[in-house]
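Undergrad: The structure under discussion is supplied below as structure tokens; questions concerning it will follow.
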Amino acid sequence: MIAYLSGKLLEKEANSVIVDVNGVGYEVAIPLSTFYELGEIGSDVALRIYTYVREDTLSLFGFKTMREKELFLKLISVSGIGAKSGIGILSGMSADEIINAIRSNNLMRLNSIPGIGKKTAERIVIELRDKINTISASVVETSQTSTTATTSSGNEVYDDAVSALTNLGYQRQAAEKALNQAMQEGTEMSVQKLLRRSLQLLAKG
């Protein structure tokens with residue numbers, strides 16, 4: 001079972017990366033919380049890995065911090081939440097925000113994430129409220145990161161951001177509205193920063 005990958009960032013998208021480890025490329029699904037912390041193509045990357053194995057499936061899910069991975073494992077232990085849903089939740093808000101929502105019984109905040117209905121939000125709170133205190137403190141794994149804006153054109157950045165939001169389950173019209181508002185506010189034209197601000201606006205409804 002793969003639990004950790006360290007290598008060069010060969011490709012990256014909002015929901016997946018390919019990590020080159022000594023000439024072997026591993027495709028890894030990631031949440032947006034990890035995507036925000038990635039460097040540029042060719043930079044060093046280190047990810048904590050959860051290996052998902054079923055009869056006809058072998059998938060890798062990667063996380064920048066052990067805190068994210070531990071929260072992900074807690075989330076998929078909840079009835080009705082699978083690996084893709086767990087990634088979606090971590091893409092909808094940060095690990096700290098999720099933990100705070102669970103501790104404060106903030107069902108409305110959890111319910112704002114696409115695919116998370118009221119009953120699922122209730123199960124998350126009920127089943128995890130007493131378990132989240134065991135999650136590690138937030139510590140970023142050692143590796144070089146960069147928040148430099150991408151070299152892509154504005155249109156490419158916008159299109160990538162729309163694609164990421166629709167893949168998370170947001171309606172295209174709502175995604176475009178949030179992105180346009182984020183751009184009008186002067187948000188820097190990088191996919192990471194546009195997505196972060198757009199998600200904040202979408203969460204406010």
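Undergrad: Any chance you could count how many residues in region 159-194 are without any contact (Cβ under 8 Å) to a residue 24 or more places away in the chain, in a loop (DSSP other than H, G, I, E, B) and closer than 24 Å to LEU38 by Cβ?
TA: Of the residues in region 159-194, 3 are without any contact (Cβ under 8 Å) to a residue 24 or more places away in the chain, in a loop (DSSP other than H, G, I, E, B) and closer than 24 Å to LEU38 by Cβ.
Undergrad: Turning to a different aspect of this structure: Which one is farthest from ASP20 (Cα to Cα), of the residues in region 53-70 that are in a strand (DSSP E or B) and of a type in the set (A, V, I, L, M)? Please lay out each step first, then the result.
TA: From region 53-70, those in a strand (DSSP E or B) are 53-54, 57-63, 65; that's our starting set.
Then keep just the ones that are of a type in the set (A, V, I, L, M); that gives 53, 58, 60.
Details: VAL53: 21, LEU58: 18, LEU60: 14 Å.
Looking at the filtered set, the residue picked out is VAL53.
Undergrad: Still on this structure: How many residues does region 30-51 contain that are in a strand (DSSP E or B) and at pLDDT below 90? Outline the logic, then answer.
TA: Start the filter on region 30-51 by keeping residues that are in a strand (DSSP E or B), which leaves 44-51.
Imposing the further condition that a residue be at pLDDT below 90 reduces the set to none.
So the count comes out to 0.
Undergrad: Consider GLY7 carefully, then state whether it is assigned to a strand (DSSP E or B), among the small types (Gly, Ala, Ser) and surrounded by 16 or more Cβ atoms within 10 Å (Cβ to Cβ).
TA: Taking the combined requirement at face value, the residue satisfies it.
Undergrad: Output yes when any residue across region 50-58 is without any contact (Cβ under 8 Å) to a residue 12 or more places away in the chain, more than 23 Å from LEU195 (Cα to Cα) and of a type in the set (Lys, Arg), and no when none is.
TA: yes
Undergrad: Look through ILE49, ILE87 and report the one residue that is under 14 Å from the mean Cα position of the chain (by Cα), assigned by TED's automatic domain parsing to the domain that holds ILE18 and among the aliphatic types (A, V, I, L, M).
TA: Working: ILE87 fails: assigned by TED's automatic domain parsing to the domain that holds ILE18.
That would be ILE49, the only listed residue that is under 14 Å from the mean Cα position of the chain (by Cα), assigned by TED's automatic domain parsing to the domain that holds ILE18 and among the aliphatic types (A, V, I, L, M).
Undergrad: Return a yes/no flag: does region 98-110 have any residue that is modelled with pLDDT under 95 and assigned to a strand (DSSP E or B).
TA: For region 98-110, residues modelled with pLDDT under 95 and assigned to a strand (DSSP E or B): absent.
Undergrad: Let me ask another. Looking only at residues that are touching a helix residue (DSSP H, G or I) at 6+ places or on another chain (Cβ under 8 Å) and farther than 19 Å from TYR36 by Cβ in region 52-72, which one is surrounded by the most Cβ atoms within 10 Å (Cβ to Cβ)?
TA: Looking at residues that are touching a helix residue (DSSP H, G or I) at 6+ places or on another chain (Cβ under 8 Å) and farther than 19 Å from TYR36 by Cβ, I get TYR52.
The values are calculated or read from the model by the stated rules, or taken from the named source; none is laboratory data. All values reported here derive from a predicted model rather than from experimental measurement. Cβ: placed from backbone, ideal geometry, glycine included. Neighbour counts: every protein chain shown.
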